[in-house]
Amino acid sequence: MNNYSINSLEQYFKIYRKSIRKPKKFWGEIAENNFTWYQKWDKVVEFDMQKAEFEWYKNAKLNITKNCIDRHLANKGDKTAIIFEPNNPEEPSKYITYNELYKEVSALSNVLRDQGVKKGDRVCIYLPMIPELAYGMLACARIGAIHSVVFAGFSSNALSTRINDSECKLVITSDGGYRGAKTINLKGIVDEALTKSPSVERVLVVKRTDAEIDMQSGRDLWLQPLIDESETTSKAEIIDAEDPLFILYTSGSTGKPKGMVHTTAGYMVFTAYTFKNVFNYNTDDVFWCTADIGWVTGHSYTIYGPLLNGATTLMFEGTPSYPTYSRFWEVIQKHKVNQFYTAPTAIRSLAKERIEFVQNFKLDTLKVIGSVGEPINEEAWHWYNDHVGNKKCPLVDTWWQTETGGIVISAIPFVTPTKPTYASLPFPGIKPVLMDELRNEIEVNQKIGNLCIEYPWPGIARTIWRDHQRYIDTYFTKFPGKYFSGDGALRDEVGYYRITGRVDDVIIVSGHNLGTAPIEDAINEHQAVAESAVVGFPHDIKGNALYGFVVLKEVGLWRDRNNLIKEINQLISDQIGPIAKLAKIQFVTGLPKTRSGKIMRRILRKIAEGEKSEFGDITTLVNPEIVEEISRESL
Ligand code: PRX
């Protein structure tokens, strides 16, 4: 990035002030000086916060893969773009140069074209963390197809719902995937999903595990032979700044996942600029973000942000605990990683193991360490800072969301001092505000409010796929004129933000967003269940775990409670995935409800947290007596 690099605190404030006073000039100059365009924009931004309409770099033409790959070839063709570290440490790592990446992406883009995929078509990618996942995303972007990556831990039902919502024409998957000691039968899951997904005409299958799989003739093709026959150059389509780049599903407060749509130019500028500055990336550094590419963190900071900067990015197929709890540290040592970006859940799970697991490794190449996905508690912060960062690496606690496209609040390493549990200061261009329930701005410090953002930034999602009204209702209605994040936060006396957690019905378990509604829908499918309510409660490792309150239809009929619990969790696993299983299930005779029939979750949350008597005002309940009963029998 050639301008607006943030190298001192004074410079941060100067750049920040400019970005807020003259956002068009600021984002215009960054776009002008750092990217390749077929055609420049007429206007930097045009927007309407009420209607949730945003157009960044209006009428500009570009191709993001030209920026991620082609423009690096002249000087960095032999530089490693992607290091692939397999699940099994015995298997050799792969080093994919920018030249090779160009060829792989070109060949795959030609395969997609041959299979009839056109600009604007949706392609679902359901793959483990292998290089083909990166090639698939970039190949779509090369031809203007919209990728929809679905996390490979999701069940066939969840996959099918997502494929159907965006009517994907083609699926890229693999015969299977390795994750720790497990082998996952991905193709089998796809086959099952496709019995309910008629839009899919073609399935391209990557060979990874050599598992025996069914290939449906006329629909399924092995990818490699097609790649072998393809040209290794490919024309990059001319894409409009506001053409969608990808759809990525996130949980919401209704059963249907929200297909967040990100478009091309704004997302590119935002992920590139945040990557460079939040991680202080320098030429030849090796950057590692451990997130699965099925989540936005992997999209923005394993793939797009690093490649836009011509960086070396590491893709890891495995888990932090396989074959030992040293796996992360071993990988850092092996590849001399300079920036390491992970989730508090991973840190907490590793911090509870013997310290030798980390101490036996040389982590002195690390310069910056990062955290994302959920609030990082003080104990985890210190362990990470002391034992991984060796007290010399700034720990950037980065707050952002699928919807924001990139990091919006974070410390800048070597510039802004870090403070445990505080995400700290807004990134240039971001104007956070805290709002109270009466829609007044909270000006005082240390008071928790609803975290909103006042002015659009280039990376903001543009809509929910084919449901713009839901986009407006979810994010732009509660606090008119502002983007509402759904998170609570407070601000300290120097202006640092601390994220306190979700204020809506989304619960973050091990860094994964889970809406309560889809889980309740799954529970209610059980023939014994009349209704249910799911809330979160604090968990040492996962941050939160799930507590289900379940009302049975005919209590007497269901004596085998343990079996019932198993069946309910199996349903959740089938509908959503194992990540959404309940840690505790309490059978109750009723749920606390208001006169309008709304479940009062506030009370259930308190009960799940272990509260026995202080429930606040329960006079508005139609059945206040139930509170006593539920709390007496709580688990
Ligand atoms: O509650 C916040 C939490 O994760 C949510 C966004 O989840 P998702 O869209 O899956 O994106 C995750 C990765 C960007 C937020 O609404 N969250 C994310 N980062 C932090 C965080 N909570 C506290 N501190 C963070 N650094």
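For residue 612, a cut-off of 19 angstrom between C-alpha atoms picks up these lysines, skipping any fewer than 8 places away in its own chain: 584, 593.
Counting Lys and Arg as +1 and Asp and Glu as -1 over every other residue whose Cβ lies under 11 Å from the Cβ of residue 315, the net charge comes to -3. Overall shape: oblate for the stretch 396-481, with the ratio a/c of the largest to smallest alpha carbon gyration tensor axis at 1.5 or above and b/c at least equal to a/b. If you sort the three axes of the alpha carbon gyration tensor as a ≥ b ≥ c, you get a/c of 1.5 or more for the stretch 94-248 and a/b no higher than b/c, which makes it oblate. Structure shown: which of 25/336; 169/258; 76/235; 392/581 lie over 27 Å apart, alpha-carbon to alpha-carbon? Checking Cα-Cα distances, 25/336; 392/581 exceed 27 Å. Descending by average beta-carbon neighbour count within 10 Å, the peptides 217-226, 412-421 line up as 412-421, 217-226, the highest first.
Heavy-atom surface analysis with a 1.4 Å probe gives the stretch 335-454 a carbon and sulfur content of 50 percent of its accessible area.
Under the convention that each Lys and Arg Cβ holds +1 and each Asp and Glu Cβ holds -1, the size of the dipole of the chain around its Cα centre is about 1260 debye. Computed packing ranks the peptides 403-411, 182-190, 22-30 as 403-411, 182-190, 22-30, most packed first, by mean other Cβ atoms within 10 Å.
The order of the peptides 305-315, 503-513 by mean Cβ neighbours within 10 Å, most packed first, is 305-315, 503-513. The residues of the stretch 510-632 expose, per residue, 48 Å² of accessible area to a 1.4 Å probe.
Equivalent-ellipsoid semi-axes for the stretch 202-295 (Cα gyration tensor, √(5λ), whole Å, largest first): 31, 22, 18.
Need the C-alpha centroid separation for the stretch 518-587 versus the stretch 126-149, integer Å. That distance is 35 Å.
Other residues within the sphere of radius under 11 Å centred on the Cβ of residue 474, judged by their own Cβ, net out at -1 (K and R +1, D and E -1).
Here's the picture: charge each Lys and Arg Cβ at +1 and each Asp and Glu Cβ at -1 in the chain, and of 384, 68, 610 the one pushed furthest to the positive end of that dipole is 68. The charge dipole of the stretch 510-632, taken about its Cα centre with unit charges on the Cβ atoms of Lys, Arg (+1), Asp and Glu (-1) only, comes to about 140 debye. Assign one of three labels to the stretch 510-632, namely rounded, prolate or oblate, based on the Cα gyration tensor with a ≥ b ≥ c the square roots of its eigenvalues; rounded applies when a/c is under 1.5, prolate when it is not and a/b is larger than b/c, and oblate otherwise. Verdict is oblate for the stretch 510-632. Of the whole protein surface, residue 261 contributes about 10 Å² of accessible area at a 1.4 Å probe radius.
Histogrammed with a bin width of 10 Å, the alpha carbon distances of the chain distribute as 3, 16, 27, 28, 18, 7, 1, 0 percent, first bin at zero.
The values are calculated or read from the model by the stated rules, or taken from the named source; none is laboratory data. Since the model is a prediction, treat every value here as computed from it, not as a measurement. Every residue, glycine as well, gets a Cβ built from its backbone with ideal geometry; the counts of neighbours run over all protein chains shown. To get the accessible areas, we keep the full protein, side chains included, count just its heavy atoms, and leave off ligands, DNA and RNA. Shrake-Rupley method; radii C 1.70, N 1.55, O 1.52, S 1.80 Å.
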